[in-house]
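Here is the structure we will look at.
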Amino acid sequence: MSESTTASTIRWEQDDTGVVTLVLDDPAQSANTMNAAFIRSIGEIADRAEAEKDTIRGIIVTSAKKTFFAGGDLKDMIQATPDQAQEVFERGLAIKKALRRIETLGKPVVAAINGAALGGGYEIALACHHRIALDAPGSKIGLPEVTLGLLPAGGGVTRTVRLLGVTDALLKLLLQGTQYSPRRALDNGLVHAVAETPEQMLVDARAFIDAHPESVQPWDVKGYRIPGGTPAHPKFAANLPAFPANLKKQTSGAPYPAPRNILAAAVEGSQVDFETAQVIEARYFTELVTGQIAKNMIQAFFFDLQAVNSGANRPKDVERSTVRKVAVLGAGMMGAGIAYSCARAGIEVLLKDVTPEAAAKGKAYSEKLCDKAVSRGRTTREKADQVLARITPTAEVADLAGCDAVIEAVFEDTSLKHKVFQEIQDVVAPDALLCSNTSTLPITALAEGVKRQEDFIGLHFFSPVDKMPLVEIIKGERTGDVALARAFDLVRQIKKTPIVVNDSRGFFTSRVIGHFINEGVAMVGEGLDPVSVEQAAAQAGYPAKVLSLIDELTLTLPRKIRNETKKAIEEAGGTWPDHPADAVVDRMVDEFGRTGRSGGAGFYDYAEDGSRAGLWPGLREHFTRPGTTIPFKDMQERMLFSEALDTVRLVEEGVLTSVADANIGSIMGIGFPAWTGGILQYINGYEGGLPGFVARAEELAATYGERFTPPALLVAKAEKGERFTD
Ligand code: NAI
């Protein structure tokens with residue numbers, strides 16, 4: 001090396017053959033981001049490259065960190081307010097200009113992508129003439145900005161549109177935020193080559209420089225045409241009308257501004273020159289980053305998710321643990337899914353049911369999932385067979401000897417659950433972690449009769465287990481810290497996201513989702529058009545429409561839970577307020593025999609094959625009163641508020657102790673709309689903040705019933721000018 005100087009976050013290393021390696025290495029952080037220091041550094045680098053151009057033969061961009069480059073500086077972005085729009089816009093342009101100056105220097109620039117290049121990382125690589133990705137395990141390439149309510153504003157929209165064409169750029173990268181492994185990135189034209197080793201990557205990078213002394217980007221060659229044409233092109237024009245419809249389908253008409261802005265930036269940017277396209281991209285980005293929804297989504301999907309997964313709620317002084325062998329009790333729908341998730345994570349599974357046939361049927365579920373994964377190319381037959389070999393179906397308690405964890409998923413019945421724990425507690429390892437997957441029964445009461453109550457804990461999975469990322473951990477009154485830490489570690493071991501709550505009937509998720517369902521059903525009972533009730537849920541951003549959701553859960557299960565809860569509360573001397581939904585559900589079940597999808601009829605009709613065949617026409621006949629309407633906003637906010645208000649009550653009651661857990665649990669567990677950033681962030685971000693939310697809740701209470709009365713904790717926080725934060 002002839003020279004080495006340090007620019008603050010990018011090192012310039014020039015060898016005596018004239019190859020400059022730009023090493024992305026922010027000394028102040030574990031990962032490189034587009035923070036203020038980077039913006040300054042990249043500008044200085046561009047200055048130097050231009051000044052010393054004659055001594056440079058080519059440039060390699062790589063990183064000294066594990067990841068190539070992490071992306072935008074989210075800590076900074078979440079602070080951006082509308083009055084800073086001009087400043088944000090100019091900062092964005094500064095990055096773009098510096099990258100553009102390096103891109104058009106007239107020297108070959110190669111990205112040696114040594115690790116994950118998501119968002120800003122891939123945008124830096126896009127500004128290079130040649131992209132080589134190291135085939136590192138877990139390494140990902142893509143532009144996931146849309147999942148944070150943003151768009152790629154480091155030239156990402158402008159360049160991918162020119163690289164892939166508008167259609168592919170939108171569908172493969174921008175609108176879904178898809179992340180690709182290095183191999184799949186190569187197959188999809190996102191990188192030019194994949195290298196097996198870091199050394200090979202650098203050798204290949206130099207070889208490219210040697211072979212292409214005067215590189216330019218394809219889009220800077222005169223006469224270059226965007227693949228697939230621009231909107232003026234007849235072929236493109238034929239495809240264009242499908243976009244708004246697809247977009248609407250993707251977001252169900254819910255208020256997600258990012259896909260809309262991405263679409264506009266891509267289409268408008270494709271019709272103008274490169275520099276103008278960058279300005280358009282910067283404008284649409286500025287609008288997103290200074291708005292509320294990007295803040296909500298950054299808070300949830302970056303900061304809250306990180307806090308939850310890194311164990312902000314895990315007892316610190318308990319050593320990390322791993323489970324080797326787990327007993328899953330009950331091979332029904334949930335047990336079968338839990339067995340599959342554990343086996344995939346390398347855990348031996350004993351899957352127990354009452355008969356060998358029932359246990360085998362549970363294992364057959366994993367066989368089906370494995371076959372599907374193989375046929376879709378997501379795994380190899382060999383790996384799938386290894387997963388299956390880890391699952392042993394059994395009907396014998398004696399086979400559970402040596403299991404270091406137990407997950408019970410038999411029928412939702414307290415005395416049956418007591419019985420199965422008694423059967424197995426002396427057979428499994430003497431310190432085995434004892435978990436119940438009950439969806440509603442209080443953990444403290446279930447632990448009674450178990451010998452080691454300190455090792456007993458709730459582990460509430462969601463259906464279908466293989467797809468749903470969340471597990472709600474429920475701490476009973478006598479659950480110990482060691483059990484809590486071990487349960488947390490087990491959930492992470494199977495690569496799911498754990499939230500932690502204290503014991504209560506229905507815990508957090510099951511209790512709160514009940515309000516959403518009740519509100520939807522109550523509106524049907526008030527005579528509102530059921531089609532508009534479903535639309536209100538979809539346009540509020542709920543992934544499942546409310547009446548279709550209750551059909552899935554069955555009408556009888558919430559009714560059973562409601563009756564049991566009512567009985568328990570009244571026996572304890574309390575009162576249980578009747579909900580206007582109760583009478584509707586009772587009529588549906590008792591008068592019309594409609595119990596939900598599994599019974600073949602519910603709020604919807606079902607075809608022979610179980611598919612939905614439209615809302616039941618009888619709803620109009622028996623419930624709808626033509627001409628009855630309320631504002632659409634009220635319909636949506638009745639659902640959102642009923643859930644959010646009870647979440648505040650759960651904070652008051654000490655069931656929820658972490659804002660991040662509430663936000664993440666609500667989005668990942670029960671489908672609270674992602675644009676809100678989660679259920680407590682919805683309150684924080686409501687127009688007018690907490691005081692605005694309280695005022696609106698009082699309005700809803702005056703019109704629709706006392707259940708919307710804001711809880712004391714919320715009113716107090718609003719008065720003190722506080723928000724929900726950890
Ligand atoms: P399921 O009815 O599909 O399966 C229950 C299984 O337990 C059956 O295969 C049954 O044969 C077996 N079983 C009964 N007695 C047994 C015994 N003594 N030993 C071993 N196995 C026995 O029920 P599902 O839906 O899988 O639910 C199981 C548990 O998970 C319940 O507590 C439920 O509340 C809870 N849960 C259910 C969710 C859902 O979406 N279905 C979501 C989260 C939790």
- Message: Within the stretch 312-322, does at least one residue satisfy the condition of being modelled with pLDDT under 95, part of a helix (DSSP H, G or I) and not small (Gly, Ala, Ser)?
- Response: no
- Item | So residue 359, is it assigned by the TED database to the domain that holds residue 89, over 26 Å from residue 499 (Cβ atoms) and either crowded, with 19+ Cβ neighbours inside 10 Å or in contact with a Gly (Cβ under 7 Å, 6 or more places away or on another chain) (or both) | no
- Query: Is there any pair linking a residue in the stretch 434-461 that is under 27 Å from residue 563 (Cβ atoms) to one that is assigned to a helix (DSSP H, G or I) and modelled with pLDDT under 95, with Cβ under 8 Å and at least six apart or on different chains, and which?
  - Reply: 439/510; 440/510; 440/561; 441/414; 445/414; 446/414; 460/510
- Item | Given (1) more than 30 Å from residue 505 (Cα to Cα); (2) near the ligand (Cβ under 9 Å from one of its atoms); (3) not β-branched (Val, Ile, Thr); (4) not in a helix (DSSP H, G or I), number of the condition residue 361 does not satisfy | (4)
- Task: Report whether or not residue 371 is more than 16 Å from the ligand (Cβ to nearest atom), over 30 Å from residue 664 (Cα atoms) and of a type outside the set (S, T, N, Q).
- Result: yes
- Message: Go through (1) modelled with pLDDT of 95 or more; (2) more than 22 Å from residue 171 (Cβ to Cβ); (3) hydrophobic (A, V, I, L, M, F, W, C) for residue 293 and report which single condition fails.
- Response: (1)
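Residue by residue, here is whether (1) of a type outside the set (Phe, Trp, Tyr); (2) farther than 30 Å from residue 501 by Cα; (3) modelled with pLDDT under 95; (4) crowded, with 22+ Cβ neighbours inside 10 Å holds:
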| residue | (1), (2), (3), (4) |
| --- | --- |
| 287 | yes, yes, no, no |
| 300 | yes, no, yes, yes |
| 330 | yes, no, no, yes |
| 337 | yes, no, no, yes |
| 390 | yes, yes, no, no |
- Query: If a residue has to be assigned to a helix (DSSP H, G or I), of a type in the set (Val, Ile, Thr) and surrounded by fewer than 15 Cβ atoms within 10 Å (Cβ to Cβ) to count, how many in the stretch 681-726 make the cut?
  - Reply: 1
- Query: How many of the residues making up the stretch 170-207 are surrounded by 21 or more Cβ atoms within 10 Å (Cβ to Cβ), in contact with a strand residue (DSSP E or B) (Cβ under 9 Å, 6 or more places away or on another chain) and part of a helix (DSSP H, G or I)?
  - Reply: 5
- Which one is nearest to residue 74 (Cα to Cα) among residues in the stretch 312-328 that are surrounded by 19 or more Cβ atoms within 10 Å (Cβ to Cβ) and away from the ligand (no atom under 16 Å from the Cβ)? 313
- Task: With the condition kept exactly as written, say whether any residue in the stretch 529-537 is surrounded by 22 or more Cβ atoms within 10 Å (Cβ to Cβ), at pLDDT below 95, under 29 Å from the mean Cα position of the chain (by Cα) and more than 30 Å from residue 442 (Cβ to Cβ).
- Result: no
- Test for residue 159: is it in contact with a Phe, Trp or Tyr (Cβ under 8 Å, 6 or more places away or on another chain) and at pLDDT 95 or above: yes
- Identify, by number, the condition in (1) in a loop (DSSP other than H, G, I, E, B); (2) more than 16 Å from the ligand (Cβ to nearest atom) that residue 331 doesn't meet. (2)
- Query: For the stretch 23-122, which fully contained helices (runs of 4 or more DSSP H) count at least 3 residues that are crowded, with 20+ Cβ neighbours inside 10 Å and in the same structural domain as residue 160 (by the TED database)?
  - Reply: 36-51, 85-103
- Message: Looking for something hydroxyl-bearing (Ser, Thr, Tyr) and either under 18 Å from residue 31 (Cβ atoms) or without any contact (Cβ under 8 Å) to a residue 60 or more places away in the chain (or both) - is there at least one such residue anywhere in the stretch 95-116?
- Response: no
- Query: If you check residue 402 against the conditions, is it under 30 Å from residue 181 (Cα atoms) and either small (Gly, Ala, Ser) or within 14 Å of the ligand (Cβ to nearest atom) (or both)?
  - Reply: no
- Query: residue 550: modelled with pLDDT of 95 or more, in contact with a Phe, Trp or Tyr (Cβ under 8 Å, 6 or more places away or on another chain), of a type outside the set (S, T, N, Q) and closer than 20 Å to residue 439 by Cα, yes or no?
  - Reply: yes
- Query: Does any residue in the stretch 411-429 that is in the same structural domain as residue 439 (by the TED database) and closer than 22 Å to residue 324 by Cα come within less than 7 Å, Cβ to Cβ, of a residue that is outside any loop (DSSP other than H, G, I, E, B) and more than 11 Å from the ligand (Cβ to nearest atom) six or more places away or on a different chain, and which pairs are these?
  - Reply: 421/434; 424/406; 427/398; 428/406
- Residues of the stretch 340-358 being within 11 Å of the ligand (Cβ to nearest atom) and either under 18 Å from residue 471 (Cα atoms) or β-branched (Val, Ile, Thr) (or both), which ones? 354, 355
- Message: Against the definition (in a helix (DSSP H, G or I) and of a type in the set (A, V, I, L, M, F, W, C)), how does residue 161 come out, yes or no?
- Response: yes
- If you check 349, 308, 387, which single one turns out to be outside the structural domain of residue 434 (by the TED database) and not in a loop (DSSP other than H, G, I, E, B)? 308
- Residue list for the stretch 670-680, filter: touching a Pro at 6+ places or on another chain (Cβ under 9 Å) and outside any loop (DSSP other than H, G, I, E, B): 674, 675
- Message: under 19 Å from the mean Cα position of the chain (by Cα) and surrounded by fewer than 24 Cβ atoms within 10 Å (Cβ to Cβ): which single residue out of 296, 309 fits that description?
- Response: 309
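Residue by residue, here is whether (1) at pLDDT below 95; (2) out of contact with any strand residue (DSSP E or B) (no Cβ under 9 Å at 6 or more places or on another chain); (3) more than 26 Å from residue 263 (Cβ to Cβ) holds:
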site: 113; (1), (2), (3): no, no, yes
site: 127; (1), (2), (3): no, no, no
site: 135; (1), (2), (3): no, no, yes
site: 142; (1), (2), (3): no, no, no
site: 155; (1), (2), (3): no, yes, no
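The values are calculated or read from the model by the stated rules, or taken from the named source; none is laboratory data. None of these values were measured; they are calculated from a predicted model. Cβ coordinates were reconstructed from backbone atoms using ideal geometry, including for glycine residues, and neighbour counts include every protein chain displayed.
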